[in-house]
Every structure is written in C-alpha cells, then in structure tokens.
Amino acid sequence: MYAAKNLSDESYRRKIARQLNNGESLHSLRRQLHYAREGKITRRQPDHQNEQAWCLTVVTNSAISWHTEYMGLAVGELRAAGREVDAELLAHISPAHSSAVNYYGSITVDYDRELVQLDEKGHRPLRAVATDETAVGL
C-alpha cells in the first residue's frame, strides 16, 4: 500500500522527503554535537552511559530552542519591514541547524558587553546579512 501511494502521489512523496530531510537535519546536528568522542558512548556503566546520552539530548534541545527562538524573531522582523513570509513555507523549515554552534575550543564571553546588547525581552540583536538588493544599493 505504501509503495503504491509513494509511486502514484507526488505530493505524498514530497511530504515524506521533507520529513526525512528534517530527521536527517536532527541526526546531523546530534552527530556534530557529539563529535568529540567520535560519536561513541565511552562510559562503561549503564548509569554513566545514560548520563552521557542525556547530556547530548540537553545540548541538542538547547541548540534547537535557540534556533527556533531566533528564527521566529527574524521572521517577525521581516514581516515588520513589510516582507511577505509565507506560513506554508515556514512549516517546512527545521530549526535543527548547527550554524551558531562553536564546536572547537572554549569561548570567552564579555558578559557586561553582551548584557548591554540585550533588548527588553532578553534577546540578542539579529545579524544583518547583505542580500543582492542591499549589495547593489537597490
């Protein structure tokens, strides 16, 4: 039944492909976050293995929550500027990205400088990215 529907219904195939891509995005993020031990659970005791897995889950959920929040802020800013952002399109975007994650070394944070940048809701300012329109001065 599944194979017949998959072969005959293009919209169904696209829906399944989007779901698979979102799942792969999540797996890719988890692999990248867990790279330090080459993706291996290194603890011997089951309790310690469970702790290591839960730590990976907490870090993964933190990255996804951060991306979800700031993607929402970016969409809100675009809409406030008069740009149309299709809600149907947003339904297909996965927040499981690793672009804002530093995997190497340690991070030194100037807390006072960072806290001054926060808005009244505690959000950092969005970074402006030059588009083709802004690059040519349109």
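Readers should treat all values here as calculations from the given coordinates under stated rules, not as data from a laboratory. For clarity, every value in this text was computed on a predicted model and none was experimentally measured. Backbone-built Cβ (ideal geometry, glycine too); neighbour counts: all protein chains shown.
Residues with beta-carbon under 13 Å from that of G72, excluding G72: net charge, scoring Lys, Arg +1 and Asp, Glu -1?
Local net charge: 0.
Ordered by residue, what ³J(HN,Hα) values in Hz, to whole numbers, does the range 86-94 give under the Karplus form 6.51 cos²θ - 1.76 cosθ + 1.60, where θ = phi - 60° and Gly and Pro are x?
Running phi through 6.51 cos²θ - 1.76 cosθ + 1.60 with θ = phi - 60° gives 6, 4, 4, 5, 4, 5, 9, 9, 9 Hz.
Listing V129, V75 from the residue with the fewest other Cβ atoms within 10 Å to the one with the most, what is the order?
In order of increasing Cβ crowding within 10 Å: V129, V75.
Subtract the Cα-Cα distance of R79 and Q19 from 0.36 nm times their separation in residues, and report this length gain in nm to one decimal.
Length gained between R79 and Q19: 19.0 nm.
Taking only the Cα atoms of the range 2-103, how large is their convex hull per residue, in Å³?
Convex hull volume per residue, Cα atoms: 129 Å³.
Fewest to most neighbouring Cβ within 10 Å: what's the order for L33, L73, L20?
Fewest-to-most ranking of L33, L73, L20: L20, L73, L33.
In what order do D9, D119 fall by count of nearby beta-carbon atoms within 10 Å, going from fewest to most?
Working: D9 12, D119 9.
If I rank by nearby Cβ atoms, fewest first, I get D119, D9.
Test of the criteria: in the range 49-104, which chymotrypsin sites (Phe, Trp or Tyr not before Pro) are in a DSSP loop and have at most 14 other Cβ atoms within 10 angstrom of their Cβ? Could the numbers behind the result be given before it?
Values: sites: W54, W66, Y70, Y103, Y104; in loops: Y103, Y104.
Answer in residue order: Y103, Y104.
Dipole size in debye (nearest 20) for the range 2-103 around its Cα centre, Lys and Arg Cβ +1, Asp and Glu Cβ -1? Show your work: numbers first, answer last.
Working: 13 positive and 11 negative charges, 85 e Å.
About 400 debye.
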